[in-house]
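Okay, structure first, notes after.
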Amino acid sequence: MSTLNSPNVSALLERLSNETDASMPALEAVAQSEASRLLTSRTEYQTLYGLLKDIPIPVSRETGLLLYMLARSTRARHILEFGTSFGVSTIYLAAALRDNGGGRIITTEFEPSKVIRARNHLAEARLFDLVEIREGDALQTLSRDLPDTLDLVLLDGAKGLYADILGLIEDRLRPGSLLLADDAHHCPEYVQHIRADQRKYLSIPLTGDLELSMRL
Ligand SMILES: C[S@@+](CC[C@H](N)C(=O)[O-])C[C@H]1O[C@@H](n2cnc3c(N)ncnc32)[C@H](O)[C@@H]1O
């Protein structure tokens, strides 16, 4: 039995998936504007995500299940997420923590309306007790009060910042800690860093433009 199969969680994930499908025209409209230029920016990401503030843009169901499996199989207790949005990936991760017997996810979001939505979704899923949402720019909110070790990290916020975020949390990774970066090719500095020193990380690209890495 998995928390993912509990009626409140599965019904919510289904509803959020339908909402995501319905938001595709709005997402395409933003994509046709200047989104692609802003997507990799290290300075204008707030403009991009302001345009996307009512759009869920979650990880796929497959990525959600992968996150759940990674967190379960490593018996993760401390998880960090860059980019909460409506809370879809957070639900998969929190469900894994519940089934692992407890733990904490720190997740980060700077759009206030998305923080409210994510909080409501996590409460509806009865998983909010496992989650701390840090509101504000992750460059600030992740620069303090982190757990001594992080078992699993999801990078899914502004792509241009992946290397900066890694710099903030790198000293919390232990041998065996996992990192999953979504749309990693939009941050070549991150991919270069993580693949450069094979004594420090093992790293592989997965389908869906994910980069899965393990601290050695
Ligand atoms: C792709 S969405 C995250 C989707 C989420 N992981 C899920 O699967 O449901 C990226 C989110 O990161 C937020 N974000 C981007 N850059 C950020 C930053 N520097 N600090 C905090 N939040 C950020 C955006 O507002 C957006 O909601």
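Remarks
- Number of the condition not met by Leu179 [criteria: (1) away from the ligand (no atom under 13 Å from the Cβ); (2) crowded, with 23+ Cβ neighbours inside 10 Å; (3) in a helix (DSSP H, G or I)]: (3)
- Among the conditions (1) surrounded by fewer than 20 Cβ atoms within 10 Å (Cβ to Cβ); (2) within 16 Å of the ligand (Cβ to nearest atom), the only one that Arg126 does not satisfy is (2).
- Residue match in region 25-37 (condition: part of a helix (DSSP H, G or I), surrounded by fewer than 18 Cβ atoms within 10 Å (Cβ to Cβ) and touching a residue at least 60 places away in the same chain (Cβ under 8 Å)): no
- Scope region 1-45; condition acidic (Asp, Glu) and modelled with pLDDT of 95 or more; matching residues: Glu14, Glu19, Asp21
- Any hit, region 55-72, residues being touching a residue at least 24 places away in the same chain (Cβ under 8 Å), under 20 Å from Leu210 (Cα atoms), in a strand (DSSP E or B) and among the aromatic types (Phe, Trp, Tyr): no
- For region 16-38, the set of residues classified as of a type in the set (D, E, K, R) and under 21 Å from Arg61 (Cβ atoms) consists of Glu19, Asp21, Glu28, listed by residue number.
- Enumeration of residues in region 104-130 that are under 24 Å from Ala11 (Cβ atoms), over 13 Å from the mean Cα position of the chain (by Cα) and outside any helix (DSSP H, G or I): Ala125, Arg126, Leu127
- Scanning region 50-106 for residues that are among the polar types (S, T, N, Q) and more than 8 Å from the ligand (Cβ to nearest atom), we see that the one that is nearest to Leu173 (Cα to Cα) is Thr74.
The values are calculated or read from the model by the stated rules, or taken from the named source; none is laboratory data. Because the structure is a prediction, the values reported are computed rather than measured. Neighbour counts are summed over all protein chains in view; Cβ atoms, including those assigned to glycine, are modelled from backbone coordinates with ideal geometry.
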